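Data first, discussion second: the structure below is written as structure tokens.
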Amino acid sequence: EILLQILVPFIGGQLCRPLVTPFLKRYAEPTKFVDRASIVLVVYAAFSEGVRNGIWSIVSAWQVVAVAVIATVLVIVMLALTWWSARRLGFNRADAIAIQFCGTKKSLATGLPMATVLFGGSVVGLIVLPLMIFHQIQLILCSWLATRYSRTHDAVDAA
């Protein structure tokens, strides 16, 4: 099932890429909207599944806070480790930034189908909760970093 839900669409997308690239470039803004809306729908579906399965009656507020703190620490450690590794390996600043952002990504769009296939049933909502929290923290921290990097890049360009 994982093969059908993740690998087959990925391969299909790669094979279609030469055919659809001109269309996607022509309609870049609507494509970005559809891409972002798809991620929002995946998060919403995962959250809804958790609510439907009564996850909030199983998990206390303190447990959610603990997961959020652990996820925040994990994201920060991975951001620091990928930045340090990239710079240590001799990559320039632009490449190090790309490595940092790519090296910390764990996709909810991929993790949710895998959790559904591997665990199934009502337990999926509980298993996906840390992934949803991690994903949101990752988005927040990476958005903050991107803004910071953009400002420092603009300051360097102005000088």
| remark: Beyond 16 Å, the calculated P(r) of the stretch 1-83 holds a percent of Cα-Cα pairs equal to 76 percent
| query | Summing -39500 (n - 2.57) over the DSSP H runs of n ≥ 4 in the chain and dividing by its residue number, what mean residue ellipticity at 222 nm do you reach, to the nearest 500 deg cm²/dmol? | reply | -29000 deg cm²/dmol
| request: Have a look at Pro22, Val73, Gly111 and report the one farthest towards the positive end of the charge dipole of the stretch 2-158, computed about the Cα centre with Cβ charges (Lys/Arg +1, Asp/Glu -1). | output: Pro22
| Counting only Cα, what are the radius of gyration and maximum Cα-Cα distance Dmax of the chain, in Å? | 18.6, 58
| query | Whole-Hz Karplus ³J(HN,Hα) for the stretch 139-145, in order, using 6.51 cos²θ - 1.76 cosθ + 1.60 and θ = phi - 60°, x for Gly and Pro? | reply | 4, 5, 5, 5, 5, 4, 5
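What ranking of Glu29, Glu49 emerges when the number of other C-beta atoms within 10 Å of each C-beta is taken as an exposure proxy, fewest first? Write down the numbers at each step before the final one.
On the way: Glu29 7, Glu49 18.
Least to most surrounded, the residues fall as Glu29, Glu49.
Counting other beta carbons within 10 Å of each Cβ, put Val42, Val8 in order, fewest first.
The order, fewest Cβ neighbours first, is Val8, Val42.
No lab work stands behind these numbers, since they all come straight from the coordinates. What you see is a predicted model; the values in this text were computed from it and never measured. With ideal geometry, Cβ positions are generated from the backbone for all residues, glycine too; neighbour counts draw on all protein chains shown.
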